[in-house]
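A.B. asks: Sharing a structure, written as structure tokens. Questions coming.
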2 protein chains.
Amino acid sequence: MPLPETEIPGRLQAELMARGLRMTRQRRTILSVVETAKQHLDATQILRKAHKIDPGIDRVTVYRTLNLLKRHGLVDELDLMHLEGEKHYYERHPQRDHIHMACLRCGKITEFESDLFDRLKGQIQRECQFHIVVSRLEVGGYCSQCRSATPA
Amino acid sequence: MPLPETEIPGRLQAELMARGLRMTRQRRTILSVVETAKQHLDATQILRKAHKIDPGIDRVTVYRTLNLLKRHGLVDELDLMHLEGEKHYYERHPQRDHIHMACLRCGKITEFESDLFDRLKGQIQRECQFHIVVSRLEVGGYCSQCRSATPA
DNA sequence: CTCCTAGTTGAAACTCAGATGCAACTAGTA
DNA sequence: TACTAGTTGCATCTGAGTTTCAACTAGGAG
């Protein structure tokens, strides 16, 4: 089955290789963890998952690889309003930027795409003559469930 | 000259006292530093400036006071795209939220207010039923000067 | 004005994410 | 198959921010 686009096991890998970067065993592992993540993971969680695939992998390699991906715009670094400590979270850079909403009560993270957001970025580029490379809109507050819940 | 609003030396102080919080010598000092800051300061810079006014002041007190102000929504905590390390920057919470643009080349921080931003927040509150307490839109990229400058 | 106490402070020690220096290793190429 | 620039792992470091606790004090009660 020589499909033209196998896509699933390695869009990030493909993109890194297309940039002429070396594909090591460790990088492959970390990339697959990031790629298949169901939620936002921090560096420690990524290390833990990578460790299950390849126990020899080191913390430092995870940090270095995440920096590499960030520099190449392949992953986005999130703070998620520092709801718990100062760690960073990572997600594959999406085709279309979205907003992250963090509930200050239950900690749930919700994502939201908006045309207004796209237009706002356009306005910044035009009016400020600022060339946007990365953007991050994070909002802290109370989600619909927590708003209607009885106060803790 | 009993002006009804002396305003200048202590709007933050007044707001804290209005909330029934204790006004200590140290807090007064830190508040005045934040209040008169010409640019975004991190905790260490705030400590340094506070130290010039009151050498006895401790790091810990600065951190605690900044947390207090943050909890009361009197200052906003910024990351400024982590241009240099993981520290946080602080600014008085403005009447109207603005966007922070960080130049990845020269490090300059520019602020920008936008009607679209206000509308976007309104949309989030309405469509997501999310009650916004704090919002932070940070953008990284290249400012107009650096775009036209010769590559380093 | 004096006393009282809950809230605040400072000093030291701690935590934790992330970075760095360097010798050993290896992917991709000649 | 050999070579080498780039990568890895380990040990160590850094630096922001937090915690613990005894001593102190702002601001209200008497």
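Since every read-out is calculated from the coordinates, none of them should be taken as a lab result. Keep in mind that what you see is a predicted model, and the values were worked out from it rather than measured. FYI the Cβ positions are ideal-geometry reconstructions off the backbone, even for glycines, and counts take in every protein chain you see.
A.B. asks: Expressed as an acute angle from 0 to 90° and rounded to the nearest 10, what is the orientation of the C-alpha long axis of helix A:43-53 relative to the principal long axis of chain A?
C.D. replies: 40
A.B. asks: Restricting to bridges with both residues inside chain B, how much of the DSSP beta-bridge set is antiparallel, in percent to the nearest 5?
C.D. replies: 70
A.B. asks: Find, to one decimal place in angstroms, the Kirkwood hydrodynamic radius of the protein assembly as shown, where the mean of 1/r is taken over every pair of different Cα atoms and then inverted.
C.D. replies: Roughly 21.8 Å, rounded to one decimal.
A.B. asks: Separate question: Among B:M23, B:M81, B:M101, which one shows the highest mean-square fluctuation when chain B is modelled as a Gaussian network with alpha-carbon springs under 10 Å?
C.D. replies: Evaluated over chain B, the most mobile residue of the options is B:M23.
A.B. asks: Suppose each label sits 7 Å from its Cα in the direction of the beta carbon; what would the B:Q145-B:D118 distance come out to in nanometres?
C.D. replies: Label at B:Q145, label at B:D118, 3.0 nm between them.
A.B. asks: Compute the acute angle (0 to 90°) between the alpha-carbon long axis of helix B:115-127 and the principal axis of greatest extent of the alpha-carbon atoms of chain B; round to the nearest 10°.
C.D. replies: 80
A.B. asks: Segment A:69-152: percent of C-alpha pairs farther apart than 14 Å?
C.D. replies: 69
A.B. asks: Separation of segment A:109-152 and segment B:76-96 by C-alpha centroid, Å?
C.D. replies: 17
A.B. asks: A further question on this structure: Return the inverse of the average 1/r over all pairs of distinct C-alpha atoms in chain A, which is the Kirkwood hydrodynamic radius, in Å to one decimal.
C.D. replies: Over chain A, the inverse of the mean reciprocal pair distance is 17.5 Å.
A.B. asks: Could you work out [θ]222 nm for chain A from helices alone, using -39500 (n - 2.57) per DSSP H run of at least four and dividing by all its residues? Round to the nearest 500 deg cm²/dmol.
C.D. replies: Helix-only estimate at 222 nm: -12500 deg cm²/dmol.
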